[in-house]
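Comments concern the structure below.
The values are calculated or read from the model by the stated rules, or taken from the named source; none is laboratory data. Computed from a prediction, not measured in an experiment: that's the story for all the values here. For neighbour counting, all protein chains shown are included, and Cβ atoms are generated from backbone atoms with ideal geometry for every residue, glycine included. Only protein heavy atoms, including side chains, enter the accessible area calculation; ligands, DNA and RNA are left aside. Shrake-Rupley method; radii C 1.70, N 1.55, O 1.52, S 1.80 Å.
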Amino acid sequence: LQLSHNFHQIRQDTKYTFDPSVDATCPNAFDPTVPCVRTKARLIEGLSLSDRPKQTNYVTSLDYTFKDLWGSTLTAQLYQRSVRALFPPFDLSQFSFPGLEFPLQAGRTNSDTYGGRFQVVTPINLAWKPRLLYGVDYSFEKSSATSTLFDVNAYNASGGRVFQKTREARVQPFWHQHNLGFFTQAELTPTEWLILRGGVRHERKRVKASDNFFPTVPE
């Protein structure tokens, strides 16, 4: 019996951000009369962003192995996995046009997965040492997504340094996915240097999702 837990987190802590200034020297492939924009890869100091980009992963699993179940080996597992991610802000306002204003936003996703696996490995006392592996697994994932919107005027006035939060916008309130799989695999060992394996798997998925909402200003 084995219980394990894994924690992994990536966090960004910097006082620099990208220079949002652009030049308009390259031609636009869709409309030659409209110049295109090209962002300069230059860092500037003075970033003001209270909630920095990060990603956090948690994985917990409980494994059980019984090595002699009437000559077979039984393995069972239960697990839970969580992912929390906040992405860097992205300026969509440059794509706005009259009647539709896009925001300056940072995407956020939350995902939790619960699942289990049950399998049996049965050796068969015949030539070529055949073994049969079979079992079932199941997982359920629920996730959601939101976007943090920032004040475009404060961002522009600061030269792309200040990200002043205005509100949290819904993007995808929920996403639920069920996976149920059945599998079997056979193994043969004709010689010490050759192992033959083959198998089949049948999987069923069921997905339920809410409407997606693309944030605009105002909502």
Whole-number D in µm² s⁻¹ for the chain, Kirkwood Cα-pair radius fed into Stokes-Einstein, 25 °C, 0.890 mPa s: 110 µm²/s
Value of relative contact order over segment 122-219, rounded to a whole percent, pairs C-alpha under 8 Å and six or more apart: 30 percent
Ranked packing of 122-133, 1-12, 103-114, 169-180, most packed first, by mean Cβ within 10 Å: 103-114, 169-180, 122-133, 1-12
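Taking a probe of 1.4 Å, how large is the accessible area per residue of the chain, in Å²?
Working: 14870 Å² over 219 residues.
I get 68 Å² per residue for this part.
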Gaussian network model of the chain, Cα within-10 Å springs - most flexible of PHE140, PHE95, PHE87: PHE95
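What FRET efficiency do you get for PHE174 and TYR134 if R0 is 22 Å and r is their Cβ-Cβ distance, rounded to the nearest 0.05? Present the calculation step by step, with values, prior to reporting the outcome.
On the way: r = 34 Å, r/R0 = 1.55.
That gives a FRET efficiency of 0.05.
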Whole-percent carbon and sulfur share, accessible surface of the chain, 1.4 Å: 58 percent
Alpha-carbon centroid distance for the pair segment 141-181 / segment 42-96, whole angstrom: 17 Å
Residues of type lysines that LYS67 reaches as a straight line, Cα spacing below 20 Å, ignoring anything fewer than 8 places off in the same chain: LYS129
Residues in segment 159-189 reached by a label modelled at SER48 [backbone nitrogen below 18 Å; 7 Å Cα→Cβ]: 159-167
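Tally Lys and Arg at +1 and Asp and Glu at -1 over the other residues with C-beta under 14 Å from the C-beta of LEU49: what net charge comes out? Each step should come with its number before you reach the end.
Numbers: positive: ARG11, LYS15, ARG52, LYS54, ARG108, ARG161, LYS165; negative: ASP13, GLU45, ASP51, ASP91, ASP151.
With Lys, Arg at +1 and Asp, Glu at -1, the neighbours total +2.
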